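The values are calculated or read from the model by the stated rules, or taken from the named source; none is laboratory data. As the structure is a prediction and not an experimental result, all values here were calculated from the model. Reconstructed Cβ throughout: ideal geometry from the backbone, glycine too, with neighbour counts over all protein chains shown. Heads up: the accessible areas ignore ligands, DNA and RNA and are worked out on the full protein's heavy atoms, side chains in. Shrake-Rupley method; radii C 1.70, N 1.55, O 1.52, S 1.80 Å.
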Amino acid sequence: MRALGLLFVFVVAKVAMVAGHSIALSPWTPLAYFWQDVLVAGVFAVLDRTLPKPASRIIYWGLVLYAAINIPVARAVSSPLTWPMLRAARGPLSDSFLVYLTWQNLALMALVLLVAGVPEKMPEPSRGRNGAVVILALLALALGPLASARIETLGLHRNPILALISVPGRSQAHADTAEGWQASLAAATAEDLSALRGIARGRNIVMVSLESTAAQYLSLYGSEYEVTPNLTALAHHAVVFENAYAVYPESIKGLYSVLCSAFPTLDSQPEAYENVPCNSIASELARAGYHTAMFHSGRFDYLGMQSIIRNRGYQTLEDAGAIGGNRNSSFGVDEPSTVARMLSWIDALPRGQRFALTYLPIAGHHPYETPERGPFPERQEIGRYRNALLYGDAALGTLIDGLRTRGLADSTVWIIYGDHGEAFGQHEGNYAHTFFIYDENVHVPLLIAAPGQIPGQTRVRKVVSLVDVAPTILDLTGLQMPSLYQGHSMLDSLPRMALFFTDYSLKLAGVRDGPWKLIQELDSGRAKLFNLERDPRETTDISRENPELAARYRHVILESGFGVFGKPLPMVAARKALTEPPPEVAH
């Protein structure tokens, strides 16, 4: 009876998780959403009959409590807890999780616990009824995977226990490369920026990674709201890339792709990258005589970040612990304190010493805390987010003014980009940044600003990737690119595509090439194709109308290594596809 009770608990919890989400209704829907719950309840039934009652009761209530805990998580981010999510759910994110302990979520959790107590007081069913239950369970298990393949559930069909079991990986990080893998299939044109080669020679480099900043929220990229006035002003003397993409919608492995110009690996942990060969951009600049430093308003011990940044050529490394300042949230300290520390560091350098400064702010990170209320409504998360971007931009403005007052404006080149985006429900179940790869997750601002070298604003439409940042900086400074780099300089005229992936919940990989974008769900094999020139909000999947084009981009993704467990990216270029002309496509 306790196993049936556990199944009922899972069903109630699942209903609470999916409430408010759009669900595809068909005869397959119940099987798609509940067959994994049947499987876990069935395994528990075997344990319940073989283990002593006290042990069985402990397991039962452990499973119940874990199902209850997953309710606010799944309601917020459309996913039960996975191993990557559990790794992230530590001190630095405590404020983010406390936001979702609302009275509604607490009430739903209490309901599950109340339901779980009912089986303890009910008699065991008869043998005949047990036999019928077993037959129905076996039927559900036989048809469940087929139902899940037919119904798009966004991963909410997963039982919380199985979500933990299916996600962890033991792959190792690598640094293999394949020449020409980025070459465009779309016959797209690409602007030639070779005139910018060498403009940073002898000049300072400042690289700023804007936390959780998607392109679509900035007026620089068409938003009606001005949340980064200082960035917009700096862009008056800049090359603005309109189609730049993060490799991975999370900060730590995304930072690896920028510093090392290399792709992280599916199902890998940041600690695996500590000993991966890497000619980081900081190492290359330090070797060329730059004094290098990284300042982070957060903490380097977050999610294995130490493995990404240590021994990568930074002569100075300071995070929230070293900077001090005022606590902004559990994630770090206030941005003005970080900016003041950076300017003090610049002041302490020998006169005329070239420097390469990397600034990692945290403004923009959930829960979007700011010291003072901003102009946007605080009741909505998007309003708090805009206030956080505005607050972070004010600190950037202080840094810009600090260099100007020190007479360094004309001798400094800026590379500013969003480390990844942030989602607010533009697509079903898409909140925060790590779980999907729609444009709100991975399309980021990117600009190269040089007030002393670039007289006006140039907007560039070609597709680029953040894996191209390091090669581009070396091209700007006139330095040679290491052979290990998987990215390419953005200054040449070769059209390329950008690849990106996520594995925090569902395993998703995607490619942007000219107007085309394909998103591949690696576990189920589903793929969606969009024409972003005609459908910038990614609302209409046209893969059925263009099966050949979709198949070719799927081939690029799978052959590049996204689709093979533990296989480094990129390993194999889809060279056969490159030799064929693009098929006729529907719009």
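Couple of notes before you dig in:
- Being closer than 23 Å to residue 226 by Cα, touching a Pro at 6+ places or on another chain (Cβ under 8 Å) and in contact (Cβ under 8 Å) with a residue 60 or more places away in the chain holds for only one residue in 383, 392, 402, 364, and it is 392.
- Residue 308 part of a helix (DSSP H, G or I), surrounded by 22 or more Cβ atoms within 10 Å (Cβ to Cβ) and not charged (D, E, K, R): yes
- Flag if residue 504 is aromatic (Phe, Trp, Tyr) and under 24 Å from residue 195 (Cα atoms): no
- Flag for residue 303 being of a type in the set (A, V, I, L, M, F, W, C), open to solvent by less than 20 Å² (accessible area, probe 1.4 Å) and either over 17 Å from residue 470 (Cα atoms) or modelled with pLDDT under 95 (or both): yes
- Identity of the residue in the stretch 431-471, closer than 16 Å to residue 421 by Cβ and in contact with a Leu (Cβ under 6 Å, 6 or more places away or on another chain), that ends up surrounded by the fewest Cβ atoms within 10 Å (Cβ to Cβ): 445
- Residue within the stretch 524-541 that is buried (at least 24 other Cβ atoms within 10 Å of the Cβ) and in contact with a Gly (Cβ under 8 Å, 6 or more places away or on another chain) present: no
- Qualifying strands (runs of 3 or more DSSP E) (wholly inside the stretch 354-469; at least 1 residues being within 28 Å of residue 343 (Cβ to Cβ), among the hydroxyl-bearing types (Ser, Thr, Tyr) and in contact with a strand residue (DSSP E or B) (Cβ under 7 Å, 6 or more places away or on another chain)): 355-360, 412-418
- Residue within the stretch 392-415 that is surrounded by 17 or more Cβ atoms within 10 Å (Cβ to Cβ), touching an Asp or Glu at 6+ places or on another chain (Cβ under 8 Å) and within 30 Å of residue 529 (Cα to Cα) present: no
- Residue pairs meeting the criteria (Cβ under 7 Å; at least 6 apart or on separate chains; first over 30 Å from residue 347 (Cβ atoms), in the stretch 268-292; second outside any helix (DSSP H, G or I) and of a type in the set (Lys, Arg)): 278/312
- Residue list for the stretch 213-231, restricted to those being in a helix (DSSP H, G or I) and open to solvent by 30 Å² or more (accessible area, probe 1.4 Å): 216, 219, 221, 229, 230
- Screening the candidates 192, 267 for the property of being open to solvent by 30 Å² or more (accessible area, probe 1.4 Å) and either under 23 Å from the mean Cα position of the chain (by Cα) or at pLDDT below 95 (or both) yields one hit, 192.
- For residue 210, the criteria (1) open to solvent by less than 10 Å² (accessible area, probe 1.4 Å); (2) under 19 Å from the mean Cα position of the chain (by Cα); (3) closer than 19 Å to residue 401 by Cβ hold in every case but one, which is (1).
- Residue match in the stretch 327-339 (condition: touching a helix residue (DSSP H, G or I) at 6+ places or on another chain (Cβ under 6 Å), in a helix (DSSP H, G or I), among the polar types (S, T, N, Q) and open to solvent by 10 Å² or more (accessible area, probe 1.4 Å)): yes
- Considering (1) among the polar types (S, T, N, Q); (2) assigned to a helix (DSSP H, G or I); (3) open to solvent by 10 Å² or more (accessible area, probe 1.4 Å); (4) farther than 18 Å from residue 486 by Cα, the lone condition that residue 283 does not fulfil carries the number (4).
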